[in-house]
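Peer 1: What follows is a structure written as structure tokens; I'll ask about it next.
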Amino acid sequence: MADWTDCLNFGISIAKQASEVGVMATNENAVKLKSSPADLVTETDQRVEKILISAIRNRYPQHRFIGEESVAAGEHLELTDSPTWIIDPIDGTVNFVHRFPFVAISIAFTVNRQTQFGIVYSCVEDKLFYAQRGGGAFLNGEPLHASGQQGDITRVTSHMCYITHDIMSRDDVALSTMTSNIRRLLQFPVHGVRALGTAAVDMCQVATGGADAYYHIGMHCWDIAASAIIVQEAGGVVMDTDGSEFDMMSRRVIAASSAAVADRIAQVIQAFPCCRDDEDNCGCGATGVN
Ligand SMILES: O=P(O)(O)O[C@H]1[C@H](O)[C@@H](O)[C@@H](O)[C@@H](O)[C@@H]1O
Ligand SMILES: [Mg+2]
Ligand SMILES: [Mg+2]
């Protein structure tokens, strides 16, 4: 079996170097909107992605890329069997613009469409989450473990602290679906609901055991591809919101401490329609989540 450790170590080193650009950036007046008033991009997002991709391409010229801002600029999104780097240069751009201190660089690496490693570097906190397939998950070098296999699901869900995400779309269908999902989960009842505003770091909280579950509808592959393997390698479970196998292109995910918790959440949350990441012109613009 091929060993991608050199790629992992290189990915970690360039994530840390590139984060200097983001943390030092000051010119955030150049903020543009993408798919909704909450979906922002800055010149720093674009600069960090260019730095990451050129460094990787220089070392691994045969590798392919799926970068959030390259796709936003019109590059075709296609996941093939080739070694592929899936990059979110700044996950939490709204936080970045508002100086809310949770901003991450997220890098996943796939071969034959299977994720080999994931890196989430929470720049302001200086927290490096990473995992390699079959090698466990780590935070700043310390092993990570999800909150464990739970027995009585009713006890768990009433004691669960789960983490969700900000609602990116401002479309009525998406808003009413997401708010009723949160209401149903609160009625379990759970201990609490949290959202840090970066999908990657939010999802990594399940790997640390700090949250028992996370779900998201409408995000993109680059938001969660890295944190998905980090949760799995920490002993957690990742699946689609309908309970089926996780598919990073579906734009739906549940991450949880155990299959019992994930299944319980899948029973109560509903999805709103949104295009798959790898689907061209699916025409579901009605939900405002494109
Ligand atoms: O800041 P981004 O890279 O745009 O990621 C967003 C994501 O697009 C959105 O769906 C939410 O998950 C946010 O928490 C992310 O930061
Ligand atoms: Mg993102
Ligand atoms: Mg981003």
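Peer 1: What residue among Ser70, Ser19, Ser106 has the largest mean-square fluctuation in a Gaussian network model of the chain, using Cα springs under 10 Å?
Peer 2: Between Ser70, Ser19, Ser106, it is Ser70 that shows the largest mean-square fluctuation.
Peer 1: Among Lys16, Lys50, Lys34, determine the one that fluctuates most according to a GNM of the chain built with springs between C-alpha atoms less than 10 Å apart.
Peer 2: Looking only at Lys16, Lys50, Lys34, the largest GNM fluctuation is found for Lys34.
Peer 1: Averaging sequence separations of C-alpha pairs under 8 Å and six or more residues apart, then dividing by the length of the chain, give the relative contact order as a whole percent. List each step's numbers first, then the result.
Peer 2: On the way: 644 pairs, mean separation 49.0, N = 290.
About 17 percent, as a whole number.
Peer 1: Per residue, what accessible area does segment 161-268 have, given a 1.4 Å probe and all protein chains present, in Å²? Could you put the intermediate results ahead of the total?
Peer 2: Numbers: 3390 Å² over 108 residues.
Per residue, segment 161-268 has 31 Å² of solvent-accessible surface.
Peer 1: May I ask which residue of Phe129, Ser13, Gln187 lies farthest towards the positive end of the charge dipole of the chain, with charges of +1 (Lys, Arg) and -1 (Asp, Glu) on Cβ and the Cα centre as origin?
Peer 2: Highest projection toward the positive end goes to Gln187.
Peer 1: Rounded to the nearest 5, what % of DSSP beta bridges with both residues in the chain are antiparallel?
Peer 2: Values: 37 of 46 bridges.
Antiparallel bridges: around 80 percent, rounded to the nearest 5.
Peer 1: For segment 5-143, taking Cα atoms only, what is the radius of gyration to one decimal and the Dmax to the nearest whole Å?
Peer 2: Values for segment 5-143 (Cα only, Rg and Dmax): 14.7, 43 Å.
Peer 1: Tell me which lysines have Cα within less than 18 Å of Lys127's Cα, excluding those fewer than 8 residues away on the same chain?
Peer 2: Reachable lysines: Lys16.
Peer 1: Another question about this same structure. Rounded to the nearest 500, what is the 222 nm mean residue ellipticity of the chain from helices alone, with -39500 (n - 2.57) per DSSP H run of 4+ residues and division by all residues?
Peer 2: Working: 9 runs with 102 residues, N = 290.
Result for the chain, helices only: -10500 deg cm²/dmol.
Peer 1: Order the following by accessible area, largest value first: Leu175, Leu128. Probe radius 1.4 Å; ligands, DNA and RNA are ignored. It would help to have the intermediate numbers written out before the result.
Peer 2: Numbers: Leu175 55, Leu128 15 Å².
The ranking, largest first, comes out as Leu175, Leu128.
Peer 1: Summing +1 for each Lys or Arg and -1 for each Asp or Glu, what net charge is found among the other residues whose Cβ lies under 15 Å from the Cβ of Gly209? The partial results should precede the final answer.
Peer 2: Details: positive: Lys127, Arg194; negative: Glu142, Asp202, Asp212, Glu233.
It works out to a net charge of -2.
Peer 1: Springs between alpha-carbon atoms under 10 Å, Gaussian network over the chain: tell me which of Arg252, Arg99, Arg276 tops the mean-square fluctuations.
Peer 2: The residue that fluctuates most here is Arg99.
Peer 1: Tell me, what % of the accessible area of the chain is carbon and sulfur with a 1.4 angstrom probe? All intermediate terms of the calculation are to be shown ahead of the outcome.
Peer 2: Values: 6100 of 12200 Å².
Ligands and nucleic acids excluded, carbon and sulfur give 50 percent.
The values are calculated or read from the model by the stated rules, or taken from the named source; none is laboratory data. Being a predicted model, the structure only gives us computed values, none of them experimental. Virtual Cβ from ideal backbone geometry, glycine too; neighbours counted across all protein chains shown. Remember, those area values only see protein heavy atoms, side chains included, never the ligands or the DNA or RNA. Shrake-Rupley method; radii C 1.70, N 1.55, O 1.52, S 1.80 Å.
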